[in-house]
Amino acid sequence: MAMVKKSITVTDQQEQWMQAQLATGNYASDSELLRDLIRKEQLRAAEIEAIRLKLIEAEQSGFVERSPSEMLASFKEEARNNGKL
């Protein structure tokens, strides 16, 4: 995958947080940490969008017998199976 070099500016507090994350040993560099944060945000946004679409669909279809937690689990599983998550 092609890479694009970026230059960013962060606050002192953000820099301290990033350095603390690097100190855990889970990341080798600032770039690796930021790419992981972006991937996680992309996944979170996809989950929110899938849930939003299901809520719209549910509102239009009427009442159901499943609990909210059962429905959420079902929505997430369906999104994973469809490659949306």
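The values are calculated or read from the model by the stated rules, or taken from the named source; none is laboratory data. Since this is a predicted model, take the numbers as computed values, not measurements. Cβ: placed from backbone, ideal geometry, glycine included. Neighbour counts: every protein chain shown. Side chains are part of the model used for accessible areas, which takes the heavy atoms of the whole protein and leaves out ligands, DNA and RNA. Shrake-Rupley method; radii C 1.70, N 1.55, O 1.52, S 1.80 Å.
So, in the range 1-50, exactly how many residues are under 25 Å from A79 (Cα atoms) and touching a helix residue (DSSP H, G or I) at 6+ places or on another chain (Cβ under 6 Å)?
The qualifying residues number 1.
Give the residues of the range 34-76 that are in a helix (DSSP H, G or I), more than 30 Å from K5 (Cβ to Cβ) and open to solvent by 90 Å² or more (accessible area, probe 1.4 Å), sorted by residue number.
R52, L55, E57, E59, Q60, P68, E70
What's the number of the only condition in (1) within 19 Å of the chain's Cα centre (by Cα); (2) on the phi < 0 side of the Ramachandran plot; (3) in a loop (DSSP other than H, G, I, E, B) that G83 fails to meet?
Every condition holds for G83 apart from (2).
Failed condition for M18, given (1) surrounded by 10 or more Cβ atoms within 10 Å (Cβ to Cβ); (2) not in a helix (DSSP H, G or I), with all others met?
Going through the list (1) surrounded by 10 or more Cβ atoms within 10 Å (Cβ to Cβ); (2) not in a helix (DSSP H, G or I), M18 breaks only (2).
So for the range 3-10 (the condition being in a helix (DSSP H, G or I) and surrounded by 10 or more Cβ atoms within 10 Å (Cβ to Cβ)), does at least one residue qualify?
no
Quickly run through the range 21-33 and pick out the residues that are surrounded by 13 or more Cβ atoms within 10 Å (Cβ to Cβ) and either small (G, A, S) or part of a helix (DSSP H, G or I) (or both).
Selection gives Q21, L22, D30, E32, L33.
Consider only pairs whose beta carbons are under 9 Å apart and that are at least six residues apart or on different chains; among these, list those whose first residue lies in the range 8-26 and is under 14 Å from L37 (Cβ atoms) and whose second residue is open to solvent by 90 Å² or more (accessible area, probe 1.4 Å) and in a helix (DSSP H, G or I).
Close Cβ pairs satisfying both conditions: V10/W17.
Does any residue in the range 59-71 that is within 21 Å of E47 (Cβ to Cβ) come within less than 8 Å, Cβ to Cβ, of a residue that is assigned to a helix (DSSP H, G or I) six or more places away or on a different chain, and which pairs are these?
From the range 59-71, the pairs are V64/A58; V64/M71; R66/S74; M71/K54; M71/A58.
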